Amino acid sequence: MRGEQGGRGVPLTARAQYWLWRAATAIVTRLPLGVSYRVAWVVGSSGYYLWPGGRRSMHRNFRRVLPRASPAQIRRVARRSMVNYCCYLADFIRFPALSPEQLSHVFGSHSSFADLDHALRDGKGAVIACMHFGNWDLAAGATAARGYPVTVVAESFADPRLDRLVAGARERLGMRVIKLERTGPSLVRALHRNGLLALLVDRPVPGEGVRVRFFGEEVEVPAGPARIALRTGARVVAAGFPRTAAGRMEVDTMTDFEIAVTTGQPEEDVRNLTQAIMDAHERFIRQYPDQWYMFREMWPRRR
């Protein structure tokens, strides 16, 4: 335990992530909100130019998303994506200190909650299929603050100290956190009592997921959201939460509550349901391409 607390045995890059997070937290929590966003702009712009591998991956991704854009436009969108991601991180650092009342007001529009209540009327819960887009954590925290039971599935960090900090921030907002490597029956239990289960669907999983088309090209994405929904009878909701107010901790909601596919053929249903989820997110990303944070290649390159 002492070694874990001190970071012994943890790779150097993971330990660096932990100390960078501690430094960012110390800085951001002492700055006014507007100033923290300006710092995020500087850090994001610098990161774009200093990370050649991530920059190349973003350019390839956005060329697929914006096929008619010029190289200069692709570069601008990719740089703004990195800046917006840093703004998301600044919000993440800040929002554990927000009260439930403050969190409940981060949505620019509240109409989706009426749709969500309607989707939950059968009592089987809902699978919320999200992407690394906008500010999904802020939206989840605000939803939990309004009294909805929210469970999120998250990847673990290599440094357990950073893992505890990030998971603890989410739990303080009222979310239940399940680690990706420890899901199993926990996913089904999360939907009991009409709960919400939030899953990210834009993590490429070659050989482990389901093949669908995304921006006109085949890609393999997790089948988990579709499988768990078909197994439990839960509703599926594709959701995105773009940051639409410059200088304010506020998000809008983009949702598709009309996703329902049933043919009686399990694998066909999984593929069709996953395709419907990706189609909805394709519409969201087309509207706000610079708020999609995909820093590794989404589409495999043809050899």
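The values are calculated or read from the model by the stated rules, or taken from the named source; none is laboratory data. None of these values were measured; they are calculated from a predicted model. Note: ideal-geometry Cβ built from the backbone for every residue, glycine included; neighbour counts use all protein chains shown.
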Which residue, of ALA246, ALA229, is among the hydrophobic types (A, V, I, L, M, F, W, C) and buried (at least 19 other Cβ atoms within 10 Å of the Cβ)?
ALA229
On the basis of being at pLDDT 95 or above and either in a helix (DSSP H, G or I) or among the charged types (D, E, K, R) (or both), does ARG94 make the cut?
no
Quick check: anything in region 10-30 under 18 Å from ALA246 (Cβ atoms), more than 23 Å from the chain's Cα centre (by Cα) and part of a helix (DSSP H, G or I)?
no
Considering only residues that are of a type in the set (S, T, N, Q) and in contact with an Asp or Glu (Cβ under 6 Å, 6 or more places away or on another chain), which ones fall in region 263-291?
THR263
Per-region count, region 99-150, residues polar (S, T, N, Q), farther than 20 Å from LEU89 by Cα and not in a loop (DSSP other than H, G, I, E, B):
2
Looking at PHE133, PHE157 in this structure, which one is of a type in the set (Phe, Trp, Tyr) and in contact with a Pro (Cβ under 9 Å, 6 or more places away or on another chain)?
PHE133
Those residues of region 46-93 that are of a type in the set (Gly, Ala, Ser) and more than 21 Å from the chain's Cα centre (by Cα) come to a total of 5
Hey, GLU258 hits all of (1) closer than 24 Å to TRP292 by Cβ; (2) in contact (Cβ under 8 Å) with a residue 40 or more places away in the chain but one; which does it fall short on?
(2)
Criterion (surrounded by 15 or more Cβ atoms within 10 Å (Cβ to Cβ) and either modelled with pLDDT of 95 or more or more than 19 Å from TYR288 (Cα to Cα) (or both)) met by exactly one of ALA114, ALA145:
ALA145
Determine whether region 38-51 contains at least one residue that is more than 28 Å from ARG164 (Cβ to Cβ), in contact (Cβ under 8 Å) with a residue 24 or more places away in the chain, of a type in the set (Gly, Ala, Ser) and surrounded by 15 or more Cβ atoms within 10 Å (Cβ to Cβ).
yes
Against the definition (at pLDDT 95 or above, surrounded by 15 or more Cβ atoms within 10 Å (Cβ to Cβ), touching a His at 6+ places or on another chain (Cβ under 8 Å) and not aliphatic (A, V, I, L, M)), how does ARG64 come out, yes or no?
no
Qualifying residues in region 194-218 (those that are of a type in the set (A, V, I, L, M, F, W, C) and within 18 Å of the chain's Cα centre (by Cα)) - the one modelled with the lowest pLDDT
VAL205
So TYR88, is it in a helix (DSSP H, G or I), aromatic (Phe, Trp, Tyr) and out of contact with any strand residue (DSSP E or B) (no Cβ under 8 Å at 6 or more places or on another chain)
no
Yes/no for ALA69 being outside any helix (DSSP H, G or I) and surrounded by 15 or more Cβ atoms within 10 Å (Cβ to Cβ)
yes
Of the residues that make up region 204-220, is at least one out of contact with any Phe, Trp or Tyr (no Cβ under 6 Å at 6 or more places or on another chain), crowded, with 20+ Cβ neighbours inside 10 Å, over 24 Å from GLU268 (Cα atoms) and of a type outside the set (Phe, Trp, Tyr)?
no
Just to be sure I understand, how many residues within region 240-282 are basic (Lys, Arg) and touching a strand residue (DSSP E or B) at 6+ places or on another chain (Cβ under 8 Å)?
2
